[in-house]
Amino acid sequence: MAIELSGVRYRYAGASAPALAAIDLRLEPGRVVGVAGANESGKSTLCLVAAGLAPGVIGGRLDGSVRIDGLETRAMRPHELAQHCGLLFQNAATQLSNTTATVFEEVAFGPCNLGLPVAEVVERVWWALRAVGVGDLAPRDPARLSGGQGQLVALASVLALRPRYLVLDEPTSELDPAGTRLVAEALARIARETGVGILLVEHKTDVLAQIADEVVVLDRGTVGLWGPAAAGLADPRLVELGVEPPAAVRLERAVRASGLEWSAALAEAIE
């Protein structure tokens with residue numbers, strides 16, 4: 001059981017060059033795979049391909065194989081894909097329906113459209129709200145949420161569809177540090193407690209250092225680095241690939257460069 005990309009090459013309609021080339025990637029339930037890379041390295045395209053929206057919804061040409069739990073995404077309909085793999089973009093406002101009066105109704109919107117019994121819809125909504133830690137927002141107007149709260153509600157709306165995997169395209173890019181912390185903590189809790197596999201594109205490498213099991217760094221549509229998160233985020237090649245290392249890595253390098261000793265105790269105190 002996994003999302004598996006094998007020899008994937010994708011080119012947008014009308015483009016002269018592929019956005020992704022020779023991509024191999026595997027995401028298993030309960031794992032968090034972080035994705036980093038410079039601008040135009042193919043991160044958002046990877047999200048669209050992994051979730052089955054490219055080429056199924058947006059067109060283009062896909063070579064290679066993209067499978068979700070053994071099923072080729074090109075053979076799946078959009079509503080089937082949504083139940084296997086949830087996709088969350090940078091701006092939560094674009095994913096809210098703007099048709100509901102409360103957060104509870106907003107999260108219920110997707111399950112209702114699946115034609116589920118009312119009792120199951122209610123159970124799913126409360127489960128999703130509690131999974132992301134915003135059960136107290138259920139009666140709130142979705143238009144009156146902070147950035148971090150809005151992103152968590154959008155995430156709950158995706159979770160209410162009960163996907164086995166989540167694909168998140170820079171979910172904290174428009175959030176302040178407090179909002180970023182809320183989302184990062186929720187994602188860590190979801191992976192730990194629900195067994196959902198998470199593919200997380202994130203330019204804030206401190207977030208990846210906090211919750212990712214593995215890190216993939218894209219370089220002009222190809223995999224430049226791939227390995228355990230701790231090793232990948234400390235790799236000297238990260239900067240060459242246009243990615244800023246986490247704060248702890250930068251601090252350690254600065255301390256060592258000054259001739260001072262870097263100790264495990266100091267590292268623990270920073271964390």
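The values are calculated or read from the model by the stated rules, or taken from the named source; none is laboratory data. Quick caveat, the model's predicted, so the values are computed rather than measured. A quick note on method: Cβ atoms are made from the backbone with ideal geometry, for glycine too, and the neighbour counts reach across all protein chains shown. Accessible surface is based on the protein model in full, side chains and every heavy atom, while ligands, DNA and RNA are left aside. Shrake-Rupley method; radii C 1.70, N 1.55, O 1.52, S 1.80 Å.
Test Val207 against the stated conditions and say whether it is assigned to a strand (DSSP E or B) and either over 30 Å from Leu114 (Cα atoms) or among the β-branched types (Val, Ile, Thr) (or both). Let's see the steps before the verdict.
On the way: assigned to a strand (DSSP E or B): no; either over 30 Å from Leu114 (Cα atoms) or among the β-branched types (Val, Ile, Thr) (or both): yes.
Answer is no for this residue.
Pairs meeting the criteria (first residue in region 74-91 and more than 20 Å from Ser44 (Cβ to Cβ), second residue in a helix (DSSP H, G or I) and among the aliphatic types (A, V, I, L, M), beta carbons under 9 Å, at least 6 apart or on different chains) are lacking. Restricting the search to region 49-96, which residues are in contact with a Pro (Cβ under 9 Å, 6 or more places away or on another chain), open to solvent by 70 Å² or more (accessible area, probe 1.4 Å), modelled with pLDDT of 85 or more and not charged (D, E, K, R)? The answer is Val57, and nothing else. So is Val107 outside any helix (DSSP H, G or I) and closer than 26 Å to Leu48 by Cβ or not? No: the conditions fail for Val107.
What do you reckon, is Asp136 in contact (Cβ under 8 Å) with a residue 40 or more places away in the chain and open to solvent by 10 Å² or more (accessible area, probe 1.4 Å)? Against the criterion (in contact (Cβ under 8 Å) with a residue 40 or more places away in the chain and open to solvent by 10 Å² or more (accessible area, probe 1.4 Å)), Asp136 does not qualify.
Quick one: in region 210-241, of everything that is open to solvent by less than 50 Å² (accessible area, probe 1.4 Å) and assigned to a loop (DSSP other than H, G, I, E, B), which residue is farthest from Gly30 (Cα to Cα)? Per the stated criteria, the residue is Leu241.
Is region 167-186 home to any residue that is out of contact with any Pro (no Cβ under 6 Å at 6 or more places or on another chain), surrounded by 24 or more Cβ atoms within 10 Å (Cβ to Cβ) and under 14 Å from Thr102 (Cβ atoms)? Within region 167-186 (the criterion being out of contact with any Pro (no Cβ under 6 Å at 6 or more places or on another chain), surrounded by 24 or more Cβ atoms within 10 Å (Cβ to Cβ) and under 14 Å from Thr102 (Cβ atoms)), the answer is no, since none of the residues qualifies. Checking each residue in region 11-48 for being surrounded by fewer than 16 Cβ atoms within 10 Å (Cβ to Cβ) and more than 25 Å from Asp69 (Cβ to Cβ) picks out Ala13, Gly14, Ala15, Ser16, Ala17, Asn39, Glu40. Filtered by the rule that a residue be within 20 Å of Gly195 (Cβ to Cβ) and out of contact with any helix residue (DSSP H, G or I) (no Cβ under 8 Å at 6 or more places or on another chain), region 8-55 gives Arg26, Glu28, Pro29, Val33, Ala50.
So which residues in region 139-166 are of a type in the set (Ser, Thr, Tyr), buried (at least 21 other Cβ atoms within 10 Å of the Cβ) and more than 14 Å from Phe109 (Cβ to Cβ)? The answer is Tyr165, and nothing else.
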